[in-house]
Amino acid sequence: MKKVILAAIIAFTSMAASAQVWMGGSLGLNFTKPEGGEVATSFSIAPEVGYTLSDKWDIAIALNESLKITDGASANSISVEPYARYTFAKTGIVSFFVDGGFGIGSAAVAVGDGDDEEVGSAFAFSIGFKPGVKFAVSEKITLVAKLGFLGYEQVKDSYSNFGLSVDNNALSLGMYWSF
């Protein structure tokens, strides 16, 4: 029995020594002013932790929170988003990848001020792909940019969307630290 436990400890230690764990995330800030309308402000924060399986595959999980304020209304959403990343091309310090995953969360909307405020919340779900590029600045630091989303999104009793979105609202910039 001692030999089996010792063999398991040696196997686990050798896997952990060659493992590449990374953490980081992204921040977002966006101001939108439609013609004749009020300025809408959006802020998002998405910390992540991931594990590099090989040169081609990573797995990770992100916690995404966003807040949007516009014209007497605010919307806050929080979701958990596990994903797998496939790196399909690499040249020097630049790698191109696609993330495939899903998100489960909650969205809350508040309209009005004070006593007249109406609050509602709903279940949110998404599944799809996000293409991106990463720049290995050093052995430990990586800059990441994701642009777009191809997939399905739904906020219960509010909206559902299927398709491709490539605009400044779908741009994510981040940084990872590997250890």
Additional length obtainable on full extension of the chain from residue 53 to residue 35, 0.36 nm per residue less Cα span: 1.7 nm
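Sort 55, 99 so that the residue with the fewest other Cβ atoms within 10 Å of its own Cβ comes first and the one with the most comes last.
By the 10 Å Cβ count, ascending: 55, 99.
The numbers here are math on the coordinates, done by the rules we state, and not lab data. Since the structure is predicted, the reported quantities are computational estimates derived from the model, not experimental observations. As a convention, Cβ positions derive from the backbone with ideal geometry for all residues, glycine included, and neighbour counts pool all protein chains shown.
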